[in-house]
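What follows is a short report on a single structure.
The values are calculated or read from the model by the stated rules, or taken from the named source; none is laboratory data. Model, not experiment: these values are computed from the prediction. Don't worry about glycine lacking a Cβ; one is built from the backbone with ideal geometry, like all the others, and counts go over all protein chains shown.
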Amino acid sequence: MTTDPNLLRDVATRRTFAIISHPDAGKTTLTEKFLLYAGAVQEAGAVKSRRQARAATSDWMELERQRGISISSTVLHFTHAGWNFNLLDTPGHADFSEDTYRTLCAADAAVMVLDMAKGLEPQTLKLFKVCAERGLPIVTFVNKCDRPGLPPLGLLDEISEQIGLQPVPLTWPVADGPAFAGIVDRRAGELVRFDRSAHGARVGAEERVPLGSADRGECPPDRWNAAMEELELLDLDAVALDADAFLAGKQTPVFFGSAIANFGVRLLLEGFAQLAPAPGPQITIDPPGTRPIDAPFSGQVFKIQANMDPRHRDRVAFLRVFSGRFERGMSAVHARSGRSYTLKYAHQLFARDRITVEQAVPGDIVGVVNANELLVGDTLYAGPKVVFPAIPTFAPERFVTVRNRDTGRYKQFRSGIARLDEEGVVHLLRRPDFGDQEPLFAGVGQLQFEVAAYRLATEFGCQVMMSPAPWQLARGVTAAEAARLAGQRGTLVCCDTQGRWLVLLASDYALDWAMQDHPDIDFQLLGVSPAR
Ligand code: G4P
């Protein structure tokens, strides 16, 4: 146990979380607004165009700008009212689900953003499944109340029916769209009215009035009365938030608001801080058990990102601290190699800006710069040895054959494809006897391949040609089984960089045939389901 008297106090203020949403539900806007409330930015991107705003906060790569998508996950640290938030930004696009999954492995809770006009959308459902798999508590934010939306009681039904979570509304909108008259803080029994004059670019004034004495102002009487009746119904239902049920992923507290107009954002941020768990003991596989937060320093790499900023052109390993205090320059053991490692260059990242981290505590994310030996899932520790469970990979579903167009750049091609595999941008598969000639990239989405091709060209100077391969499934087999399956119709045998043998199959039928022909072979499922 540590002799650091302030460690537990510091950890208690940490909230490490991710925001998940279907694209366009408002994740980026909500992130900006959290930063606005935290005083980390002076004026939210609402006054700029969305593209510019994104470039200003969380987009790194030129490709992201070209495609208008967010690929790399950012880690934002901000403080508000004594809390220290570590917000893990996840790419919203389904093609990067594996990256999102890795990032969620480093979070203690998630905020699920729903568009009030659309309710639960496909990508929200998929991300929700990933959270459920990780056992992450989820706080729901129903966004865009400034626009006409679905009836809020219907949204609650959707949550409980489609994802099996019991919704517990802690706030409630009084009407929506132009009739919107404020948000009721149900726990305080107060109506919170918001100043619209700042148009969401700045934090506006909020007025709290006891609900019993609140007048309806300009809200049409039917809308006001409807909201009051809904509130009565909710009171009659008397579903109370149960901390254990929330932490076990059985209940989700629900907040309503509008990220763009700043309605309900403070209520959400502060409510989330009070409800979400502080970092706790972490499960370990070696020795089997848990590592308490006040044990000596330990952490796990959950993401590798290279070339985040052309000004730096380096490789950053994102490490989530699980126990003890991280101090810059400290020595830690790299569990996989057993080698000692000096953590000299560690940064906290705020989009493009890097701040040197002197100290970090459990829950914090540290960017370890140019740590070329570190791979996703690696444990670093001081004191007694510890190894955290591996971060599962996804079973690939899409495959492309990669050809290097310029044979003169073979060396660069080899190191490029190896690097992309290490970072988990794509999975690299080689065919026996082919070496690095025409390897395959495996992944869950087409955009992963586009990112890989782009990075091979820009970082390694290699132009590649990619042709879609006809495979749809991959199963794990032994070396001896791979030798038996080699050359069979509808299959391809190959090896990943960890030396595991895989058989790729063109369809479910091909798998059925292969299983019938080889009833003794156990075609193993690989990794977790991509929740797509
Ligand atoms: P995402 O990261 O989840 O993909 O969503 P993002 O925040 O980029 O928001 C998607 C669109 O929804 C944006 O509009 C954004 O302005 C809008 N939006 C976000 N929150 C709210 C809200 O509370 N109310 C309303 N009415 N709109 C909201 P856009 O037209 O795509 O971009 P822009 O031109 O408005 O910047």
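Quick look at the numbers
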| item | result |
| --- | --- |
| Those residues of the stretch 425-460 which are surrounded by fewer than 22 Cβ atoms within 10 Å (Cβ to Cβ) and of a type in the set (Gly, Ala, Ser), in sequence order | 435, 445, 453, 457 |
| Which listed residue is closer than 30 Å to residue 86 by Cβ, surrounded by 13 or more Cβ atoms within 10 Å (Cβ to Cβ), at pLDDT 95 or above and of a type outside the set (Val, Ile, Thr), from 263, 255 | 255 |
| Evaluation of residue 392 against (1) under 22 Å from the mean Cα position of the chain (by Cα); (2) within 30 Å of residue 284 (Cα to Cα); (3) part of a helix (DSSP H, G or I) (one fails), failing number | (3) |
| Qualifying residue in the stretch 290-297 (condition: in a strand (DSSP E or B), away from the ligand (no atom under 16 Å from the Cβ), at pLDDT 95 or above and not assigned by TED's automatic domain parsing to the domain that holds residue 107) | yes |
| Residue in the stretch 399-417 that is over 29 Å from residue 337 (Cβ atoms) and under 25 Å from the mean Cα position of the chain (by Cα) present | yes |
| Identity of the residue in the stretch 121-147, more than 27 Å from residue 377 (Cα to Cα) and surrounded by fewer than 20 Cβ atoms within 10 Å (Cβ to Cβ), that ends up farthest from the ligand (Cβ to nearest atom) | 122 |
| Restricting the stretch 387-424 to residues that are under 17 Å from residue 463 (Cα atoms) and of a type in the set (A, V, I, L, M, F, W, C), the residue that is surrounded by the fewest Cβ atoms within 10 Å (Cβ to Cβ) | 418 |
| Inter-residue pairs, beta-carbon under 6 Å, first at positive phi and in the stretch 214-233, second assigned to a loop (DSSP other than H, G, I, E, B), 6+ apart | 217/181 |
| In the stretch 151-182, the residues that are in a strand (DSSP E or B) and touching a Cys at 6+ places or on another chain (Cβ under 7 Å) | 173 |
| Residue ranges of helices (runs of 4 or more DSSP H) in the stretch 2-112 with at least 1 members modelled with pLDDT of 55 or more and within 12 Å of the chain's Cα centre (by Cα) | 27-37, 97-104 |
| Residue match in the stretch 409-421 (condition: in a strand (DSSP E or B), modelled with pLDDT of 90 or more and not aliphatic (A, V, I, L, M)) | no |
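Okay, residues lined up against (1) part of a helix (DSSP H, G or I); (2) among the aliphatic types (A, V, I, L, M):
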| position | (1), (2) |
| --- | --- |
| 470 | no, no |
| 484 | yes, no |
| 487 | no, no |
| 495 | no, no |
| 503 | no, yes |
| 519 | no, no |
